[in-house]
Structure formats: structure tokens, C-alpha cells
Amino acid sequence: MRPTESKVRYKTDHNPGQAIYPRTQKHYHYNIARLHIKQDGKEYVFELDVNPSRAIDFRHGKDIDMRDVLKVQRIFSSVSTATFAKNSDMLALFATDDVLDVAKVILQKGKILPVAEEENRLREEKRKRIIDVLRRCAVHAKTGEPLLDVELEKIMADAKVQIDLHESDSWTIRKIIEAVKTPLKVGMQTVQVTLAPQFIGKAKYYLTNHAKILKEETLADSSWRVTAEVLVGVKEEIFNYLNALTHGKFSSKSQ
């Protein structure tokens, strides 16, 4: 909660006469997060109007305030027509009609649909991040020599792996390594992390998408201890995330 704000429960109750999107905004671009749910023979659609880069960062486990992700703090059945989802549907499917709680589920389980310009920018940023990780953790398998920039670009082209914004960088890198024709040796490291119970949810989601979980256990004090295999090039990124999430209150060791 922000220091200047009181605790507010956000719901979707809305005066139909209120203009969420003024009709004069003919060129308004929607950045949508959408979740389809089929249950009891019925199909439900829930949408959010989001800032795409922040939505994707949240999806990848960064600690971002949901109110900074949402452009409009409402749950829609259709953003383009400003049609709101029914509170009764949300209560039945999410067990809550609180906008921020429902929005988190939509972002975690749904699909983010950025406008083309933003999507292209985010995809290029991700491509550069992947090249940087490969530069730091991959070498030629036969000679052990580092990869030149021109070789890295060729690897990206030869692998023909689509840069998917909904996929973690680590998973995309694994697919590229498997698909590439150039024999590579990639540095991997096994790490063990122990976190307090209140951090397990976000940490587990993040680690599942950025590492290979080898072993996990719940300790006597309900802490979570996990052993995972990570790319050397993303180890620092993972630890930086955990440090920010827990405010430094986690333990780790490399094996």
C-alpha cells in the first residue's frame, strides 16, 4: 500500500453513463490482457486495459504495484466496447470481485496482447537481452572460445525460435540452445535458496519460469527450500529479483 493511500477495496460497480473512454479519442490504442474461462458449458472472457511493458514485467515476477499496471482499474468483458464483467461471474470464478485480486489472476493465467508498436519494441528488447545472456554464458563447445557478436546474431537467425513476450527469457534461451546448429557449451550452476513463507508464491512462479527446479521442500518453520539449475548468465538476475522481493531476507548458496 502506498503511504498516502487508505486501504480501498476496488470493485467493478460502475455508472453506465460515465465515459471511461471519451468518444473523441478515435485513435485510442488498447493494450489488453485477456483470460478465457470455460466452465459448466459456458465461456467467460475477462479483459484488462494495461500498460503492456509493466504487465509483462509483473507476469515475469517483478514486484510491481497492480495499480501501476492497470490503465483503468476495472475488469472488462470487452475493453473495446467498455463492457464491464459481472460481479457475480467474478465471485463464482475467482471467489472475489476485488479488481486488483482478479487482475492478478488474469495477468498470471491469461494472455497479454500489446499493440503492434509496443510489441515490436518489447520483442527487440528481449532479443537483445537474450544475446547478452548468451554472450556471458555460452562458448564454442570444441574450442571454449567466446562467441563473437556476428556469431551471436547468426545463432539467433539459425535457431528460428520465435521471441515470445509471454515466455521467460531463460526458457527462450533453452529453446535456442537446443535448436542451434553451432555446438555450444553453456555454463550451468546449481543453487539452493531458502525463503520465508510470505514470499513463496511469487518466488515459486518466478523460479519455475527462470530455472529448472531440481528439488523443493517445506521446512519445519514453513520456509521453502528449493534447489534449482540456472544458466550462469541469469544467476545474478535471479538473485537480484529475490533480493528485491524479500528485501534481502533470503538465504542462498551455490553447489
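Data table
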{"quantity": "Pairs where the first residue, in region 29-57, is among the basic types (Lys, Arg) and the second is surrounded by fewer than 21 Cβ atoms within 10 Å (Cβ to Cβ) and modelled with pLDDT of 90 or more, C-beta under 8 Å, 6+ apart", "calculated": "Arg34/Val45; Lys38/Tyr44; Arg54/Asp68"}
{"quantity": "Of all residues making up region 40-53, the number that are at pLDDT 90 or above and either over 13 Å from Gln108 (Cα atoms) or surrounded by fewer than 20 Cβ atoms within 10 Å (Cβ to Cβ) (or both)", "calculated": "6"}
{"quantity": "Top-ranked residue in region 168-190 [being assigned to a helix (DSSP H, G or I) and hydrophobic (A, V, I, L, M, F, W, C); ranked as farthest from Lys128 (Cα to Cα)]", "calculated": "Ala179"}
{"quantity": "Scope region 164-200; condition of a type in the set (A, V, I, L, M) and either free of Cβ contacts under 8 Å to residues at least 24 places away in the same chain or under 13 Å from Lys126 (Cα atoms) (or both); matching residues", "calculated": "Leu165, Ile173, Ala179"}
{"quantity": "Qualifying residue in region 224-235 (condition: farther than 30 Å from Ala159 by Cβ and out of contact with any Pro (no Cβ under 6 Å at 6 or more places or on another chain))", "calculated": "yes"}
{"quantity": "Selected residue (criterion: surrounded by the most Cβ atoms within 10 Å (Cβ to Cβ)) from residues of region 86-121 that are more than 19 Å from the chain's Cα centre (by Cα) and under 13 Å from Ile37 (Cα atoms)", "calculated": "Met90"}
{"quantity": "Residue within region 143-163 that is in contact with a Gly (Cβ under 9 Å, 6 or more places away or on another chain) and touching a residue at least 24 places away in the same chain (Cβ under 8 Å) present", "calculated": "no"}
{"quantity": "Residue that is nearest to Lys111 (Cα to Cα) [pool: residues in region 26-39 that are touching an Asp or Glu at 6+ places or on another chain (Cβ under 9 Å) and modelled with pLDDT under 85]", "calculated": "Asn31"}
{"quantity": "Extreme residue, nearest to Val232 (Cα to Cα), among residues of region 153-168 that are touching a strand residue (DSSP E or B) at 6+ places or on another chain (Cβ under 9 Å) and either assigned by TED's automatic domain parsing to the domain that holds Lys235 or crowded, with 17+ Cβ neighbours inside 10 Å (or both)", "calculated": "Ile155"}
{"quantity": "Qualifying residue in region 124-136 (condition: touching a Lys or Arg at 6+ places or on another chain (Cβ under 8 Å), outside any loop (DSSP other than H, G, I, E, B) and not hydroxyl-bearing (Ser, Thr, Tyr))", "calculated": "no"}
{"quantity": "Answer residue from region 54-80, given it is modelled with pLDDT of 85 or more and part of a loop (DSSP other than H, G, I, E, B) and is surrounded by the fewest Cβ atoms within 10 Å (Cβ to Cβ) among those", "calculated": "Asp65"}
{"quantity": "The listed residue being in contact with a strand residue (DSSP E or B) (Cβ under 7 Å, 6 or more places away or on another chain) and acidic (Asp, Glu), out of Glu237, Glu216", "calculated": "Glu216"}
{"quantity": "Breaking point among (1) within 25 Å of Ser254 (Cα to Cα); (2) among the hydrophobic types (A, V, I, L, M, F, W, C); (3) at pLDDT 85 or above, for Val186", "calculated": "(3)"}
{"quantity": "Check on Ser251, in contact with a Pro (Cβ under 8 Å, 6 or more places away or on another chain) and either assigned to a strand (DSSP E or B) or not acidic (Asp, Glu) (or both)", "calculated": "no"}
{"quantity": "Enumeration of residues in region 182-238 that are surrounded by fewer than 16 Cβ atoms within 10 Å (Cβ to Cβ) and of a type in the set (Phe, Trp, Tyr)", "calculated": "Tyr205"}
{"quantity": "Residue among Val230, Val180 that is touching a helix residue (DSSP H, G or I) at 6+ places or on another chain (Cβ under 9 Å) and outside the structural domain of Ala157 (by TED's automatic domain parsing)", "calculated": "Val230"}
{"quantity": "Residues within region 221-244 that are farther than 22 Å from Val133 by Cα and hydrophobic (A, V, I, L, M, F, W, C), tallied", "calculated": "2"}
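The values are calculated or read from the model by the stated rules, or taken from the named source; none is laboratory data. No experiment lies behind these values; they were computed from the predicted model shown. Virtual Cβ from ideal backbone geometry, glycine too; neighbours counted across all protein chains shown.
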